[in-house]
Amino acid sequence: MQFASLGSGSRGNATLVEAGSTLVMVDCGFSCRETERRMQRLGRSPAQLAAVLVTHEHGDHIRGVRVLARKYDLPVWLSNGTGQMLQDNDLPDVRMLDGYSRFSLGDLEIHPYTVPHDAREPCQFVFGDGSHRLGMLTDTGRITAHIRDCLDACDALLLECNHDADMLANGPYPASLKQRVGGPLGHLSNGQAGELLERIDTSHLQHVVAAHLSEKNNRPELAREALAASLACAPDWIGIAGQDDGCDWRVIS
Ligand SMILES: [Zn+2]
Ligand SMILES: [Zn+2]
């Protein structure tokens, strides 16, 4: 199994996960043309996708879903609540998922799980290929016991490090937005992400990639330091999924 990020942050998110001959995309927050360009960078084309999975209806996750799905005739998996928010979206092939039922797509096992975030029915995913597990977590305001259970003992994690709490507090956002981002239905701070790592089994981890970093309220080195401190590893070992560059393929073996 392997994964790569096309880009991550408030201006757009999309992640590729591949096992055997099955390739899926999680979220598509970039225009269709930009998505094609970024996939080409990773040696893939949207025509190879088995499906697009949508975590929730915020623009940075769905901006390109409709055009991409229509152009390439792709099934789009989403929760009922997310689907209701996209009613006018005219998708060619909608498949419903829920936050408690696992399913398979080709060589991938997909385990959706619920998270607290200010969207209608948001979910995140753990992927498996029969021998390894990749956990993805962005767009959550806090860590729940359920999240810890789902991400326990994964072999790789793509983990939100949205903001540094001090930078957010002293940064340029208006008070209401600071409250939303830092609140229990907002986004995960570097510190909260680090605390998660301290409270789950991390002994199998081959990769940790920090994602959804705020360009105004965080810096890659702060995210790296926070996660490295929790894992007692070198900061360089922590990957970053950047807004412009995403991150290259990471193989879990
Ligand atoms: Zn987001
Ligand atoms: Zn969101």
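The table below lists the values:
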| quantity | calculated |
| --- | --- |
| Among 7-14, 70-77, the order from most to least packed when residues are scored by Cβ within 10 Å on average | 7-14, 70-77 |
| Accessible surface of the range 11-77, 1.4 Å probe, proportion on carbon and sulfur as whole % | 46 |
| Linear extension gain, residue 11 paired with residue 146, 0.36 nm per residue minus alpha-carbon span | 45.8 nm |
| Theoretical FRET efficiency, 1/(1+(r/R0)^6), r = Cβ-Cβ of residue 201 and residue 50, R0 45 Å, to 0.05 | 0.90 |
| Residue-normalised accessible area of the chain, given per residue in Å² at a 1.4 Å probe | 41 |
| Residue-averaged 222 nm ellipticity for the chain, from DSSP H runs of 4+ at -39500 (n - 2.57), nearest 500 | -7500 deg cm²/dmol |
| Cβ-Cβ FRET estimate between residue 251 and residue 84, R0 fixed at 30 Å, reported to 0.05 | 0.20 |
| Cα gyration tensor shape for the range 1-80, rounded if a/c is under 1.5, else prolate or oblate | rounded |
| Residue among 103, 127, 30 with the largest mean-square fluctuation in a Gaussian network model of the chain, springs linking Cα atoms under 10 Å | 103 |
| Portion, in percent, of the accessible area of the range 78-137 that falls on carbon or sulfur, probe 1.4 Å | 40 |
| For the range 74-147 versus the range 175-253, the gap between their alpha-carbon centres in whole angstrom | 20 |
| Förster radius 51 Å - calculated FRET efficiency between residue 107 and residue 176, Cβ distance, rounded to 0.05 | 0.70 |
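The values are calculated or read from the model by the stated rules, or taken from the named source; none is laboratory data. If you're wondering where the values come from, they're calculated on a predicted model, not measured in any experiment. Glycine gets a Cβ as well: all are built from the backbone with ideal geometry, and neighbour counts include every protein chain shown. In case anyone asks, the SASA skips ligands and DNA or RNA and just uses the protein heavy atoms, side chains included. Shrake-Rupley method; radii C 1.70, N 1.55, O 1.52, S 1.80 Å.
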